[in-house]
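Data first, discussion second: the structure below is written as structure tokens.
Please treat every number below as a calculation from the coordinates, not as lab data. None of the values given here were measured: they were computed from a predicted structure. Virtual Cβ from ideal backbone geometry, glycine too; neighbours counted across all protein chains shown.
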Amino acid sequence: MRTVFTTGQVAKICKVAPRTVSKWFDSGRLRGYRIPGSQDRRIPREHLIRFLKEHGMPLGELEDEAMGKVLLVGTDTQIQSGLNELMSSEDYKIEMAQSGFEAGIQAESLHPDCVVIDFAMGRNEALMIAQNLRKNPEYSETVLIGLLSDEDNASGFDRTIFNETFRKPFDTALLAERIRTLVGRKKQLV
């Protein structure tokens, strides 16, 4: 993950001429710094992402780095709509899956930062999804959150598979804040 960009690299990302990037930099709209003893400019990743978001420009190749991606598996519509409402669509992309099979396909295409698995879909299927994600090295850093109902007591399964568990009923705002914290820590989102 690149942390600093040249004006040429920024121009490529923004699909503009390097001179345009230099003008943004010189006018103070795009923050960065000059290399000492040279005229070369450098733009830190977080300043570039902030600039792109402020000006409504597409994030392009930075989207994977800049957006937190959340996969909701087996969650009810109330939780889905609550999270969509509480989590900014500029900072988070939220996808849904209703089965283990669908979750596998979505995980492969989305590469989520966080997977929320609702045990209401069935304890065995929920645990199988979590275990399969943990076994795959591609998802070793993925945050897993389990939503437990009253019937799902903590005994009988390894809770360490999950980064966090919530027992229903719970406040969706608390879940949204926890996702923001865990994913933000992982991605260092701006």
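Below is a table of values for the structure above.
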read-out: Separation in nanometres of the label points that stand 7 Å from Cα toward Cβ, at Glu61 and Ser88; value: 2.5 nm
read-out: Angle in degrees between helix 100-110 and the longest Cα principal axis of the chain, rounded to the nearest 10; value: 10 degrees
read-out: Hydrodynamic radius (Kirkwood) for the range 34-122, which is based on Cα pairs only, to one decimal in Å; value: 15.2 Å
read-out: Theoretical gain in end-to-end length, Glu141 to Ala17 [0.36 nm per residue, Cα-Cα removed]; value: 41.0 nm
read-out: Percent of C-alpha pairs per 10 Å bin, the chain, short to long; value: 8, 33, 27, 17, 11, 4, 0
read-out: Dipole magnitude of the chain about its Cα centre (Cβ charges: Lys, Arg +1; Asp, Glu -1), debye to nearest 20; value: 1320 debye
read-out: Karplus 3J(HN,Hα) series, Hz, for the range 11-28 with 6.51 cos²θ - 1.76 cosθ + 1.60 (x for Gly, Pro); value: 4, 5, 5, 7, 6, 10, 6, x, 4, 4, 4, 4, 5, 4, 5, 5, 7, x
read-out: Rounded Å value of the spacing that divides the Cα centres of the range 28-42 and the range 109-133; value: 45 Å
read-out: Amide H contacts under 5 Å for Glu164, placed H, 5+ residues apart; value: Leu144, Gly146
read-out: Dipole magnitude (debye, nearest 20) for the range 55-115, charges at Cβ of Lys, Arg, Asp, Glu; value: 160 debye
read-out: Cα lying deepest toward the dipole's positive end in the chain, options Leu147, Met128, Ala176, charges on Cβ; value: Ala176
read-out: Helix axis angle, 172-187 relative to the chain longest principal axis, alpha carbon, degrees; value: 50 degrees
read-out: Long pairs among Lys23/Lys53; Lys15/Lys93; Lys69/Lys168; Lys15/Lys53, criterion Cα-Cα beyond 21 Å; value: Lys15/Lys93; Lys69/Lys168
read-out: FRET efficiency, Asp158 to Asn124 (Cβ-Cβ, R0 22 Å, nearest 0.05); value: 0.95
read-out: Shape metrics for the range 79-143, restricted to C-alpha atoms - Rg then Dmax, Å; value: 12.1, 34
read-out: Label point distance in nm, Val4-Arg167, each placed 7 Å from Cα along Cα→Cβ; value: 5.1 nm
read-out: Normalised contact order of the chain, rounded percent, pairs of Cα under 8 Å and 6 or more residues apart; value: 18 percent
read-out: Over the range 4-64, volume per residue of the alpha carbon convex hull, in Å³; value: 73 Å³
read-out: Leading residue at positive end of dipole, the chain (Cβ point charges), from Ser81, Thr20, Gly100; value: Thr20
read-out: Estimated distance in nm for a label pair at Arg185 and Ser38, the labels positioned 7 Å out from Cα along Cα-to-Cβ; value: 3.8 nm
read-out: Residue among Gly37, Gly28, Gly56 with the largest mean-square fluctuation in a Gaussian network model of the chain, springs linking Cα atoms under 10 Å; value: Gly37
